[in-house]
Each structure stands twice: as C-alpha cells, then as structure tokens.
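**Q** I have a structure I would like to understand better, so I am pasting it below and will then ask my questions one at a time.
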Amino acid sequence: MILPPQTLGMIGGGQLGRMFASAARCMGYRVMVLDPDLVSPAAEFANEHLPVAFTDPTALEKLATDCAAVTTEFENAPAEVLVALAARTTVRPSGRAVAVAQDRHAEKTFFKSNDFPVGPFAIINSAADIEAALHKVKLPAILKTARFGYDGKGQARINTPNELATTLAAWKFAPAILEEFIDLKLEISLVLARGADGEIALFPVAENQHVNGILDITITPARISQELAARATAIATKLAVALDYVGVLAVEFFITRSDAILINEMAPRPHNSGHVTIDACCSSQFEQQVRALCGLPLGDPRLHTPAVMLNLLGDVWPNVKNPQARSAEPDWQVVLKHPGAHLHLYGKREARVGRKMGHITICDTDLSRALAITLEIRQALQAAT
Ligand code: ATP
Ligand code: MG
C-alpha cells in the first residue's frame, strides 16, 4: 500500500487532474503534475508541476524516481509513456487499458470481440473502405475520428454517401469510425473503481443530457428501472474484469427506444458525469482514483443525497461571444444563494464557447427539486450573458 505523504504523479493538467490533486492532497499525499501548459487547472493544486511535453525524458525520469505511483487524467496520454513508466513505478490504469480506450478502432474491436453490446459501426482507414462501410452502417450515421476526439469534437453527421466521402477527404483520411445514428431514448453512464485485488465499487447509474455533443446535465440516480440499472452494472463490471482494469473506469451507454442497452464508449479515468460523487457520495470518484492507485481498500461509493450536476461552459460567461467587449465573470450569487448548491470552478483563465470552465452540483433529498433548482440556475446564468 502506498500511504501518505508519498508522492503521486498525474499525467495531464486538466480539471480531472485538479480534482484528483485536491482529493489526494486532502488525504496527505504529495502530487506532481506533468503538463506542458504553464498554467493548468491541476498544476494550481499540485505540489510540483513539470511544464514540459508528455514524452520529455527528464520529466519522465523524475516521475519514475519521485512518484510512488503514476496515473493519468485524460485518455490521450501517450500509452507508451505509461508502459515505459510501469517498468519503474506503479502505473494504474495500465498503458494497455488506456491504449484500448484512446483509440475508437481498438475500443470498438475490443467490445465486439468480447461480446459487449455495441451499435452497428465500420472501421475506415482509406477511401477503399467506404463502400463496405456503407454496407454495414445505415445512414444517417456519425463519423468519428479514431483518436483525439472529446466533447463531440472530431465528429460529423453523415446523411448521404457523398457526405461521407467529402468529410473523409476533408479529414485527410485520418483513421475514423462510422457509427449508425442511434435513436436514443436516454443516455446513462456508470463510474466504477476496481482495486488491484479485483475488488469493485460501483457508483450509482447516472442519467446524462447532452447539448451539441457536450454533456450538459447529469441526474443521479438515473430515473430508470432497477432492471435496466442492473444490466448496465453487469456490463460495466464485466468490462472492468475483461480489461483487467485497475483504477477508475467510466462507461457511457445508449438506451434505445426499444430499451436495448449499447455501450457508447469508455473512459480510463474519472468522468464528467461522476462529478456529483464529490458532493453526493460517501467517497468521490477522485478519492476512489487515489485509493485504487495506491492499493488501498476502496471507499464507500453510496449516494447519500440525490444530486444534479450542471456543466458550466464558457457560454455562460458574459460577453464570451463578443471579443471586442470586456470579459466578465458570471454572477455566482445566483448559484451560491442555494444552500444545496456546490460551485466548482476549474481556474481556467480564458472562457471560450464550449469550453468546460466548471460545474455545479445541486444536492437535495428530492431529486425533482434538485433538477428544478438546476434549471432555474441555468436560466439565470444564460439570461445574464
Ligand atoms: P465525450 O468526451 O464528451 O464523452 P466524445 O467526443 O468522446 O464525447 P461521444 O461520446 O462519442 O463523443 O459522443 C458525444 C455525444 O454525441 C453522445 O453522448 C451522444 O449524445 C451523441 N452521439 C454519439 N454517437 C452517437 C450515435 N451513434 N447515435 C446517436 N447519438 C450519438
Ligand atoms: Mg462520450
């Protein structure tokens, strides 16, 4: 077991790294962050920041010697770096698991070959694959780059064969995946932690609403039947075992109009839809990340209060769409006046449309009241932009 005050390494300096650092430092660990950005959300909360490339040999040497364990907060961390570090220190999750999750080709192939339910898809590497893809996948469809997509970026809606050809050409035939457009009833997600000894702790199933491909609201617990929640739980558990996963794993699901459950994708880290666990669960997803990384027994994932999370995108920053005007901060009193509201800001200097700047969690014994307060806050923030 790795105990405080040992040092934990974090590859990536975004908000997930910030919340990990916050949890780890509360527990008495030291945190070292590797991220090339001079100013990053996680670095603000770290004891030490290495502001160099993720592959910088000197920085990797320092992580290997100074850190008792190393993890990552984003799936684009170079998997080979994780594999190399694993020869020197504890690395969780494994580079192998991250490599599967960071490439839609590897991910979908893994799901399919292990009999996990996924919607119709086709792998595209060149123009020669187009015809076969259109045989496998009915239009309309969504084309996604195999790598480096997030928050709906690197995706295009495809309505005609011609659109497929022109979009692929515009993307210079970067490896891609064509997915049939699923008529969704609902989107849900499940975050779990798996310890090195195989122990699994599951957070409650969350219900997610997206706007423009970006998560907007998460409602926890999801308003679904116990039977459906049990199916999602069984799939996520089986997936963590199949990957021999150690750490926090998030699984996103589509629920179709006919109540079929399909895996959308997985993330080898805490997840935006798990942010409610900070304020509404006995142990947060970030505390679980620390515990799994350090080989500690997992914490209690139980939800103590129903909660709704609202993402705060740069869109609600006054004047964000008007570069000529002076930038201003939203009026946080509209949030803070609610005793059940928890404000989390990520310390990003510049607000941009679609950029995740923070989130709010509203806890309430009555879930529908939490949702009503959330919508009231969103409206007040939007009205002031
Ligand atoms: P994130 O990093 O926020 O999870 P992402 O860029 O990895 O997003 P996806 O999860 O693949 O992207 O897609 C984002 C959203 O777009 C989904 O949550 C869903 O709302 C919609 N979407 C994606 N693929 C499909 C599909 N095949 N059918 C219907 N809707 C889809
Ligand atoms: Mg997603």
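The values are calculated or read from the model by the stated rules, or taken from the named source; none is laboratory data. Remember, it's a predicted structure, so these values are computed and weren't measured experimentally. In this analysis, Cβ positions are derived from the backbone assuming ideal geometry, glycine residues included, and neighbour counts consider all displayed protein chains. Ligands, DNA and RNA are excluded from the accessible area calculation, which covers all protein heavy atoms including side chains. Shrake-Rupley method; radii C 1.70, N 1.55, O 1.52, S 1.80 Å.
**Q** Out of region 173-260, which GluC sites (Glu not before Pro) are coil in DSSP terms and have no more than 14 other C-beta atoms within 10 Å?
**A** Values: sites: 179, 180, 187, 199, 207, 227, 252; in loops: 199.
Filter output for region 173-260: 199.
**Q** Here's another thing I want to ask about it. Report the longest stretch of the chain that contains none of the trypsin sites (Lys or Arg not before Pro) sitting in a DSSP loop with at most 15 other Cβ atoms within 10 Å.
**A** The longest such stretch corresponds to 1-87.
**Q** Hey, another quick one. Over region 233-290, with every protein chain in place, what whole percent of the accessible area is carbon and sulfur at 1.4 Å, could you tell me?
**A** 53 percent
**Q** Enter the accessible area per residue of the chain (Å², integer; probe 1.4 Å; all protein chains in place). Mind showing how you got there, number by number?
**A** On the way: 16400 Å² over 385 residues.
Solvent-accessible surface per residue comes out at 43 Å².
**Q** Now for a separate question. Among 375, 234, 270, pick out the residue whose Cα is farthest towards the positive end of the charge dipole of the chain, where Lys and Arg carry +1 and Asp and Glu carry -1 on C-beta, about the Cα centre.
**A** Farthest towards the positive pole: 375.
**Q** Turning to a different aspect of this structure: Need the list of lysines near residue 238 for cross-linking: C-alpha distance under 28 angstrom, and skip anything on the same chain fewer than eight residues off.
**A** 108, 112, 136, 144, 185
**Q** What does the charge dipole of the chain about its Cα centre add up to, to the nearest 20 debye, if the Cβ of each Lys and Arg holds +1 and the Cβ of each Asp and Glu holds -1?
**A** 280 debye
**Q** Which entries in 321/348; 62/348; 172/321 show an alpha-carbon gap greater than 20 Å?
**A** On the way: 321/348 17 Å; 62/348 27 Å; 172/321 30 Å.
Result: 62/348; 172/321 exceed 20 Å.
**Q** Excluding residue 39 itself, what net charge comes from residues whose Cβ is under 11 Å from its Cβ, given Lys and Arg +1 and Asp and Glu -1?
**A** In short, -2.
**Q** Report the paramagnetic label zone for residue 326: residues of region 370-384 whose backbone N is under 19 Å from a point 7 Å from Cα along the Cα-to-Cβ axis.
**A** The answer is 384, whose backbone nitrogens lie closer than 19 Å to the label point.
**Q** Let me ask something else about it. Compute the Cα gyration tensor for region 37-188, then decide on rounded, prolate or oblate, letting a ≥ b ≥ c be the square roots of its eigenvalues: rounded whenever a/c is under 1.5, prolate when a/b is larger than b/c in the other cases, and oblate in all that remain. Spell out each step's value before the answer.
**A** On the way: a/c = 2.42, a/b = 2.16, b/c = 1.12.
In terms of gyration-tensor shape, prolate.
**Q** Cα centroids of region 151-189 and region 25-76: how far apart, whole angstrom?
**A** A separation of 34 Å, based on Cα centres.
**Q** Would you kindly derive the ³J(HN,Hα) couplings of region 256-265 from the backbone phi angles with the Karplus curve 6.51 cos²θ - 1.76 cosθ + 1.60 (θ = phi - 60°), listing them in order in whole Hz, with x for Gly and Pro?
**A** Taking θ as phi minus 60°, the curve returns 7, 4, 9, 6, 6, 10, 10, 7, 7, 7 Hz for region 256-265.
**Q** Continuing with this model, one more query. Calculate, for residue 83 and residue 365, the FRET efficiency according to 1/(1 + (r/R0)^6) with r their C-beta to C-beta distance and R0 51 Å; round to the nearest 0.05. Working shown, then result.
**A** Working: r = 46 Å, r/R0 = 0.91.
About 0.65, to the nearest 0.05.
**Q** Let me ask something additional. Would you rank 385, 71 by solvent-accessible area, highest first, keeping every protein chain in place and using a 1.4 Å probe?
**A** Solvent-accessible surface, decreasing: 385, 71.
**Q** Right, here's the next one. Would you report the distance distribution of C-alpha pairs in the chain as whole percents per 20 angstrom bin, up to the bin with the largest distance?
**A** Each 20 Å bin holds this share of Cα pairs: 27, 59, 13.
**Q** Once amide H atoms are placed 1.01 Å from N in the peptide plane, what residues at a sequence separation of 5 or more from residue 50, or on another chain, have their amide H within under 5 Å of its amide H?
**A** 33, 34, 35
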